[in-house]
Amino acid sequence: MGLIQNGQWVDQWYDTKSSGGEYRRQDSRFRSWLTSDGQTGPNGETGFKAEKGRYHLYVSLACPWAHRTLIFRQLKNLQEYIDVTVVDAIMLENGWQFSNEPLYDFDFAYQLYLKADSQYEGRVTVPILWDKKTETIVSNESSEIIRMFNSAFNHLTGNEDDYYPAELHEKIDAVNDRVYDSINNGVYRAGFATTQEAYEKAFHQLFGALDWVEGLLTNQRYLTGERLTEADWRLFTTLIRFDAVYFGHFKTNKRLLSSYPAISGFVRELYQVPGVAGTVDFEHIKTHYYASHLTINPTGIIPLGPEQDFNLAHGRDALAKY
Ligand SMILES: N[C@@H](CCC(=O)N[C@@H](CS)C(=O)NCC(=O)O)C(=O)O
C-alpha cells in the first residue's frame, strides 16, 4: 500500500494525522471521457472515441469501485469490446500487483500510472481504464467510467439500456451523493479511522443512511423509484461486501445487512440479474481485505464465514405490484 512521490513508489499507509484520524479519499486524477465519436466528454475533458478492442480495463475483484465498472461491462454487453485484467487479491508494499499483465508485462499498477504520466503524484487506484492506442489512462474514476459504458458503445453493441436516464438525473445524483459519502466511502471512513471519534462519526452516519435506504426500499423497488439505475448499482457493490467484510474488518457492526428485510431482498435481486453473479468473488474479496490491510488485521487471518446465499428468492416481485 503506498503512493507515487517524485516519480518513485513509496510504501505508506494512509495519512490520517492531518485530518484528526479521519480517512480522506484522494480525488481521481485521470478524468478523460470515452464518447461514441471522440467528442469532448460532459465534464469538458478530452474525448476518446469508442472503438472495439482499443481500451483495457484493470480491476480488482475486491474493490467496490472497480466492481461497478465490471458490472456495467456485463450489463452493457461490452465483454467483446473491452478486455479486462484482474489484479492479484493481495496488495502489500508495492501496491496493486499483477501475476499476468498482458500489455507491458508490468508487475505493478504504479508502472501503468508512471507510463501514463511520469509526473504523476499520489495514490495508485483501480479501476484503471487504459487506452492502448495513445498508451495512457483515460480514467481512473469509476463513477465516470460507468457513465461512459452506459452510452458510448451503444451504436456498436446495439444495447440501449440506460442506467442514467435524463429524467432521473437529479434524483440519481442526489441519492448518489448521500450513498457515496455515508455508505460507499462511509464503510472506509469507519474502517480506516485512527481515532475513536472519527470512527464513531462514520459509524453513525453509515447506519443512519442504511436506515434511510431500508425505508426507501420498503416502499419502492429501487432507490429512485421503479426503475433500476446506476444509483442502485453503485450501492450494490458496497452492500454485497457488507456482512462478509465490512461488518467485521471495518467494525461496521451495529447490524448485519441480512437483518434489514428490504435491503436483503434488494441485494439478492441485483445479484440475480444475469451476468452479475459472475462478477462477485467472495474468496478474492475476503482475501484482499483481511490479508492486505495488515495495519487493521496484523495476523492476516482470513475469516471462514459467514455462510450466505444470494441466490435465495428475493421476494421483490411481490413489491413490484404496488
Ligand atoms: N474514486 C475512485 C476510488 C478508487 C479506489 O480508491 N480504489 C481503491 C481500491 S477499493 C484503491 O485502489 N486503493 C489503493 C490506495 O488507496 O492506495 C473510484 O471510484 O474509481
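The values are calculated or read from the model by the stated rules, or taken from the named source; none is laboratory data. Values in this document were obtained by computation on a predicted structure and should not be read as measured data. Counting neighbours? That spans all protein chains shown, and the Cβs are built from the backbone with ideal geometry, glycine included.
Among the conditions (1) touching a Phe, Trp or Tyr at 6+ places or on another chain (Cβ under 7 Å); (2) farther than 21 Å from Ser182 by Cα, the only one that Thr252 does not satisfy is (2). If you go through segment 77-97 and pick out every residue that is more than 22 Å from Tyr14 (Cα to Cα) and either touching a strand residue (DSSP E or B) at 6+ places or on another chain (Cβ under 7 Å) or not hydrophobic (A, V, I, L, M, F, W, C) (or both), you end up with 9. Pairs are defined by a Cβ separation below 9 Å, a sequence spacing of at least 6 or placement on different chains, a first member in segment 258-285 that is at positive phi, and a second member that is among the aliphatic types (A, V, I, L, M); the pairs so defined are Gly275/Ile71; Gly275/Leu75.
Examine segment 239-251 for a residue that is touching a strand residue (DSSP E or B) at 6+ places or on another chain (Cβ under 8 Å) and on the phi < 0 side of the Ramachandran plot, and state whether such a residue exists. No, because not a single residue in segment 239-251 is touching a strand residue (DSSP E or B) at 6+ places or on another chain (Cβ under 8 Å) and on the phi < 0 side of the Ramachandran plot. Confirm whether Tyr58 is in contact with a strand residue (DSSP E or B) (Cβ under 6 Å, 6 or more places away or on another chain) and within 13 Å of the ligand (Cβ to nearest atom). So Tyr58 fits the description; yes. For segment 54-102, which residues satisfy the criterion of being without any contact (Cβ under 8 Å) to a residue 40 or more places away in the chain and in a loop (DSSP other than H, G, I, E, B)? Residues satisfying the conditions are Gln79, Glu80, Val87, Asp88, Trp96, Phe98, Ser99, Asn100, Glu101.
So that you can scan it fast, the table gives a plain yes or no per residue for (1) outside the structural domain of Lys17 (by TED's automatic domain parsing); (2) aromatic (Phe, Trp, Tyr):
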position: Ala152; (1), (2): no, no
position: Ala174; (1), (2): yes, no
position: Tyr180; (1), (2): yes, yes
position: Asn185; (1), (2): yes, no
position: His204; (1), (2): yes, no
position: Gln220; (1), (2): yes, no
position: Arg227; (1), (2): yes, no
position: Arg241; (1), (2): yes, no
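Of all residues in segment 5-31, which are of a type in the set (Ser, Thr, Tyr) and within 14 Å of the ligand (Cβ to nearest atom)? Result: Tyr14, Thr16, Tyr23, Ser28. Scanning segment 217-241 for residues that are hydrophobic (A, V, I, L, M, F, W, C), in a helix (DSSP H, G or I) and more than 15 Å from the chain's Cα centre (by Cα) returns a single hit, Leu217.
For every residue, the table says whether it meets (1) on the phi < 0 side of the Ramachandran plot; (2) outside the structural domain of Tyr271 (by TED's automatic domain parsing); (3) away from the ligand (no atom under 16 Å from the Cβ); (4) within 21 Å of the chain's Cα centre (by Cα).
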{"site": "Arg73", "(1), (2), (3), (4)": "yes, yes, no, yes"}
{"site": "Glu80", "(1), (2), (3), (4)": "yes, yes, yes, no"}
{"site": "Val84", "(1), (2), (3), (4)": "yes, yes, no, yes"}
{"site": "Met91", "(1), (2), (3), (4)": "yes, yes, no, yes"}
{"site": "Gly95", "(1), (2), (3), (4)": "no, yes, no, yes"}
{"site": "Phe98", "(1), (2), (3), (4)": "yes, yes, no, yes"}
{"site": "Pro102", "(1), (2), (3), (4)": "yes, yes, yes, no"}
{"site": "Asp105", "(1), (2), (3), (4)": "no, yes, yes, no"}
{"site": "Phe108", "(1), (2), (3), (4)": "yes, yes, no, yes"}
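Residues are listed down the side, and each one gets a yes or a no for (1) among the aromatic types (Phe, Trp, Tyr); (2) within 13 Å of the ligand (Cβ to nearest atom); (3) more than 22 Å from Gly38 (Cβ to Cβ):
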{"residue": "Glu141", "(1), (2), (3)": "no, yes, no"}
{"residue": "Phe153", "(1), (2), (3)": "yes, no, no"}
{"residue": "Glu160", "(1), (2), (3)": "no, no, no"}
{"residue": "Tyr163", "(1), (2), (3)": "yes, no, yes"}
{"residue": "Glu170", "(1), (2), (3)": "no, no, yes"}
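When each of Gly215, Gly278 is tested for being modelled with pLDDT of 95 or more and either over 30 Å from Asn94 (Cβ atoms) or of a type in the set (D, E, K, R) (or both), the lone residue that passes is Gly215.
Given the criteria surrounded by 22 or more Cβ atoms within 10 Å (Cβ to Cβ) and within 16 Å of Asn311 (Cα to Cα), does Phe236 qualify? Break it down into steps so the answer makes sense when it comes.
Working: surrounded by 22 or more Cβ atoms within 10 Å (Cβ to Cβ): yes; within 16 Å of Asn311 (Cα to Cα): yes.
Yes.
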